[in-house]
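Nothing in this text is a laboratory measurement; each read-out follows from the coordinates by a stated rule. For clarity, every value in this text was computed on a predicted model and none was experimentally measured. Glycine also receives a Cβ, built like all others from the backbone with ideal geometry; neighbour counts cover every protein chain displayed.
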Amino acid sequence: MSAEVVVFTTPVALFTTPVALFMTSVALFTTPVALFTTPVALFTTPVALFATPVALFATPVALFATPVAL
C-alpha cells in the first residue's frame, strides 16, 4: 500500500473499529430482549383481542348498573 492510502485508511479504521464493537454489543443486548418480547407480544395480542369486546360489553353494563346500585 502506498503511504497516502495508509494515512487515509488508518484513522478510518481507528474510528470504525470501536463503532463496530459498539454496534455488536448493542446487537448482543437487543437480541435477547427481542427474543423475550416476541412471545410476550404473541401472548398479549390475543388477550387484548379478547379483552376489548369484553370491555365494550361491560362498560354500558356498568353505566347502567351504577345508578341502579345507588
Revision key, fill the gap. In a Gaussian network model of the chain with springs linking alpha carbons closer than 10 Å, the residue among PHE57, PHE29, PHE43 that fluctuates most is PHE57
Check your understanding: Pick from PRO32, PRO46, PRO60: which is most flexible by mean-square fluctuation in a GNM of the chain where alpha carbon atoms under 10 Å apart are linked?
Key -> PRO60
Practice item. Give the angle, between 0 and 90 degrees and rounded to the nearest 10, that separates the Cα long axis of helix 3-69 from the longest principal axis of the Cα atoms of the chain. Key: 0
Check your understanding: Once the Cβ-Cβ distance between ALA41 and VAL68 is put in as r, and R0 is 35 Å, what FRET efficiency do you end up with, to the nearest 0.05?
Key -> 0.35
Practice item. Taking only Cα atoms and a 10 Å spring cutoff, compute GNM fluctuations for the chain and point out the largest among VAL26, VAL12, VAL47. Key: VAL12
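Send over the semi-axes of the chain's equivalent ellipsoid, whole angstrom and largest first, taken as the square roots of 5 times the C-alpha gyration tensor eigenvalues.
61, 13, 9
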